[in-house]
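For reference, the structure is listed below as structure tokens.
Here, each number is a calculation from the coordinates, and none is a lab measurement. All figures in this text were calculated on a predicted structure; none of them were measured in a lab. Using ideal geometry, Cβ is built from the backbone for each residue, glycine included, and neighbour counts are taken over all protein chains shown.
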Amino acid sequence: MNQLVYIENNKPVTDSLQVALTFGKRHADELRSIEHSGFSAEFTERNFALSNYRDSTGRRLPKYIISQDGFSMLAMGYTGAAAVRFKEMYIAEFNRMAAKLNGNSSGVQALLQATQNLIDTQMVMAERMDAVESKVDAQITLNSGQQRALQQAINKKVCSIEPISSERRDLFRQIHKEVKDRWQVASYKDVLRHELEGVLEYVKAWVPVRRIEL
């Protein structure tokens, strides 16, 4: 079944196999999402009909036939720009298939509009969440693994300049001070995560300004 939406029992429907394919999910996971959705028994019975299909080996496997209401509820959990675009595709297909049916009522159109309004709201929320996440990411400092990576880079650089361990103290002091001054932090541990690549490049190319004799 390559159609996003098709006509069955005189109403537009989709199915769990097509939804999983469209949204890049495993069909088994999609089945579990439906079966553990928490929807009422009445809603599930009206909007998710257990059916089956044959796979490439000829096995008969389960799938769900999903109504427009069922898809709308199921898709509420799909987030991200790509997911929103796919939901819009489904809305358009439900609308197109509904238009093929005889005796379209205003109620169907009202439901389609309500679902479109829901998708529009989700788009706004997704954009706001992306903006918040970007702002938060810009303020996150290095985690323990990234701190170790930076410290190892500093150790490697200093050791490559000075082979005698007892003579490295001032080099360590100098490179740490330059990193703190350049990135305006109290410690290398306070470097922002999104700036780590730049700090590592700086350390890799670092040359001491002067050598302080003990």
Quiz item: Using unit Cβ charges (K, R positive; D, E negative) and no other charged atoms, how large, in debye to the nearest 20, is the dipole of the stretch 144-205 about its Cα centre?
Solution: 160
Exercise. Grab the beta carbon distance between Leu101 and His36, set R0 = 35 Å, and tell me the FRET efficiency rounded to 0.05.
Key: 0.65
Quiz prompt | Counting all C-alpha pairs of the stretch 144-205, share separated by more than 15 Å (%) | solution = 47
Quiz prompt | Karplus 3J(HN,Hα) series, Hz, for the stretch 174-190 with 6.51 cos²θ - 1.76 cosθ + 1.60 (x for Gly, Pro) | solution = 5, 5, 5, 5, 5, 5, 5, 5, 5, 9, 6, 10, 7, 8, 4, 5, 8
Quiz item: Of the peptides 33-46, 63-76, how do they stack up when ordered by the mean number of other Cβ atoms within 10 Å, highest first?
Solution: 63-76, 33-46
Quiz prompt | Whichever lysines have a C-alpha closer than 22 Å to that of Lys25, once near sequence neighbours (fewer than 8 apart) are set aside | solution = Lys63, Lys87
Exercise. Could you name the lysines whose alpha carbon sits less than 16 Å from that of Lys11, not counting residues in the same chain fewer than 8 places away?
Key: Lys100
Quiz item: Excluding same-chain residues fewer than 8 positions from Lys189, which lysines have a Cα within less than 22 Å of its Cα?
Solution: Lys135, Lys156, Lys157, Lys177, Lys180, Lys204
Practice problem: Within 10 Å of each residue's Cβ, count the other Cβ atoms and sort His194, His176 from fewest upward. | Solution: His194, His176
